[in-house]
Amino acid sequence: EPEVTQTPSHQVTQMGQEVILRCVPISNHLYFYWYRQILGQKVEFLVSFYNNEISEKSEIFDDQFSVERPDGSNFTLKIRSTKLEDSAMYFCASSFDRYTIYFGEGSWLTVV
Amino acid sequence: GESVGLHLPTLSVQEGDNSIINCAYSNSASDYFIWYKQESGKGPQFIIDIRSNMDKRQGQRVTVLLNKTVKHLSLQIAATQPGDSAVYFCAENNYGQNFVFGPGTRLSVLP
């Protein structure tokens, strides 16, 4: 069964460093998302991406965040200067129709 | 009850019993709902969905009920098994916009 894959599964970074989280969405999907989940809390929407541009973003997705689809398969989330409060599990997701979305296993980011 | 910070509401059921997990959603205009299961350290896994023009949908061992009048969604799991232990989230969607997730309920299956 096709699945969304994410790398790395876990990354530890120092505060102020840049981080890039990578995702390979399901191949025929058109809509791509990043969500995050702070430990023990609910899943929060960050950004959605369609047709090579951001279609929607939350207030969490400030100027420190950016997304890119550099080629036909990868979808990346960059955090330019990480803060302690960026520590969370980051989930990539994709959808064919903007309704049923499928999540990857997540990238656990720890900022120290 | 409602979750506050790290304290998720927890439902404990005996193996073999039926489980009912509830969710109150926020937007009366939401037209599509999904239940996700999340095991520790893993991503949310799709369980079952329902559109707002339905009030009930059944899958394998799971049933979702939708009450639009009171903005309430429930997930029923029949013959609960140890492998069902996880956190369950409902998510609502408004005409293809981003999903809004509920706070989650932890299901513990007792032997």
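Of note:
- Taking θ as phi - 60° and the Karplus parameters 6.51, -1.76 and 1.60, the scalar couplings of region B:43-57 work out to x, x, 10, 4, 10, 7, 10, 8, 9, 6, 8, 10, 10, 8, 8 Hz in sequence order, x denoting glycine and proline.
- With both labels modelled 7 Å from their Cα along Cα-to-Cβ, the A:Tyr99 to B:Thr10 distance reads 3.7 nm.
- Tail beyond 21 Å, pair distance distribution of region A:46-112 (Cα, percent): 24 percent
- Extension gain for the segment A:Glu3 to A:Leu39, taken as residue separation times 0.36 nm less the Cα-Cα distance, is 10.6 nm to one decimal.
- Isotropic mean projected area of the C-alpha convex hull, the protein assembly as shown (nm²): 12.4 nm²
- Ordered from longest to shortest, the equivalent ellipsoid semi-axes for chain A are 22, 14, 13 Å, each the square root of 5 times a Cα gyration tensor eigenvalue.
- Percentage relative contact order, chain B, counting C-alpha pairs under 8 Å, at least six apart: 37 percent
- Based on Cα atoms of chain B, Rg over Rh with Rh as the Kirkwood radius reads 0.95.
- The modelled label-to-label distance between B:Ile20 and A:Gln64, using points 7 Å beyond Cα along the C-beta direction, is 4.4 nm.
Laboratory data are not the source of any read-out in this text; all were calculated from the coordinates shown. Here the structure is a predicted model, which means the values were calculated and not measured. Neighbour counts are summed over all protein chains in view; Cβ atoms, including those assigned to glycine, are modelled from backbone coordinates with ideal geometry.
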